[in-house]
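Data first, discussion second: the structure below is written as structure tokens.
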Amino acid sequence: MNRRTLTLGTALAAFMMATTLIAPPVAADQAAIKFTKKVANDLLAANRSGTITSFARVLRRHADIPGISKYSLGKYQRFLRSSQNKRYYNGVTAFMARYFADQTREYRVAKAQVLDAKKAKGSDIAVNTLVTLRTGNKYTVQFLVRRAGKSFKIADVKVSVPIVGFVSLTYQQRGIFQKFLVKKGGDQRAVNQLVETLNR
């Protein structure tokens, strides 16, 4: 085998390796964009409706409720009994749905345009969306999506705020929950109270 053949073989091997490494993320990005477009359309419909029920329906369908719920508990997750999971998840869904419904009164959305996708932490994909309000104001909203079977689930939503940058809604929720838990003693009873409070 001469040097030219070796060089050509090396180049072909490198090309094949690059194709193998690059193709899946591109395909995943396109799938994530398609998923996010559906989410954006469903959220737009819920925004126009403005009801807690409409947002709760979208969250149950598209959000990683267990993942978000556990993240929101942080170190206090150990106090959540498995028998409480369903009730806690329902409470978290209701909490988030109320938040979105409240925000709808001030932020009426005219349209949402999905822009692009990029690899985020681990296997997550960040999908950027440009949201235009009826007032004409525009915001960049980033959906962090996570593979779930053949589709995806929303793991977080980040809103671009001037000067501050992206603000994570799940991080804010985690802060609210943990402040409540600390105030109530940070133990089993505190988690029980949180679960009951979320379901009122």
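Observations, loosely collected:
- Among the residues of segment 71-88, those that are closer than 18 Å to residue 196 by Cβ and either of a type in the set (Gly, Ala, Ser) or open to solvent by 70 Å² or more (accessible area, probe 1.4 Å) (or both) comprise 72, 77, 81, 82, 83, 86, 87.
- Residue 99 vs. criteria open to solvent by 50 Å² or more (accessible area, probe 1.4 Å), closer than 22 Å to residue 64 by Cα, in a helix (DSSP H, G or I) and among the aromatic types (Phe, Trp, Tyr): yes
Residue-by-condition table, conditions (1) under 16 Å from the mean Cα position of the chain (by Cα); (2) open to solvent by less than 50 Å² (accessible area, probe 1.4 Å); (3) not aromatic (Phe, Trp, Tyr):
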{"site": "58", "(1), (2), (3)": "yes, yes, yes"}
{"site": "62", "(1), (2), (3)": "yes, yes, yes"}
{"site": "90", "(1), (2), (3)": "no, no, yes"}
{"site": "108", "(1), (2), (3)": "no, no, yes"}
{"site": "111", "(1), (2), (3)": "no, no, yes"}
{"site": "121", "(1), (2), (3)": "yes, no, yes"}
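- Here the condition is being modelled with pLDDT of 50 or more, surrounded by 10 or more Cβ atoms within 10 Å (Cβ to Cβ) and not basic (Lys, Arg); of 28, 18, 14, 23, it holds for 28 alone.
- Taken over segment 64-88, the criterion of being within 14 Å of the chain's Cα centre (by Cα) and of a type outside the set (Val, Ile, Thr) is satisfied by 64, 66, 67, 69, 70, 71, 72.
- Check on residue 121, out of contact with any Lys or Arg (no Cβ under 7 Å at 6 or more places or on another chain), without any contact (Cβ under 8 Å) to a residue 24 or more places away in the chain, within 25 Å of residue 180 (Cβ to Cβ) and charged (D, E, K, R): no
- Being open to solvent by less than 80 Å² (accessible area, probe 1.4 Å), over 18 Å from the mean Cα position of the chain (by Cα), of a type outside the set (Gly, Ala, Ser) and over 19 Å from residue 56 (Cα atoms) holds for only one residue in 198, 133, and it is 133.
- Single match in 141, 157, 167, 127 (criterion: outside any helix (DSSP H, G or I), open to solvent by less than 40 Å² (accessible area, probe 1.4 Å), more than 25 Å from residue 75 (Cα to Cα) and out of contact with any Asp or Glu (no Cβ under 9 Å at 6 or more places or on another chain)): 141
- The lone criterion from (1) of a type in the set (Val, Ile, Thr); (2) touching a residue at least 24 places away in the same chain (Cβ under 8 Å); (3) more than 30 Å from residue 181 (Cα to Cα) left unmet by residue 132 is number (2).
The values are calculated or read from the model by the stated rules, or taken from the named source; none is laboratory data. Keep in mind that what you see is a predicted model, and the values were worked out from it rather than measured. Glycine gets a Cβ as well: all are built from the backbone with ideal geometry, and neighbour counts include every protein chain shown. Protein only, heavy atoms only, side chains kept; ligands, DNA and RNA dropped before computing areas. Shrake-Rupley method; radii C 1.70, N 1.55, O 1.52, S 1.80 Å.
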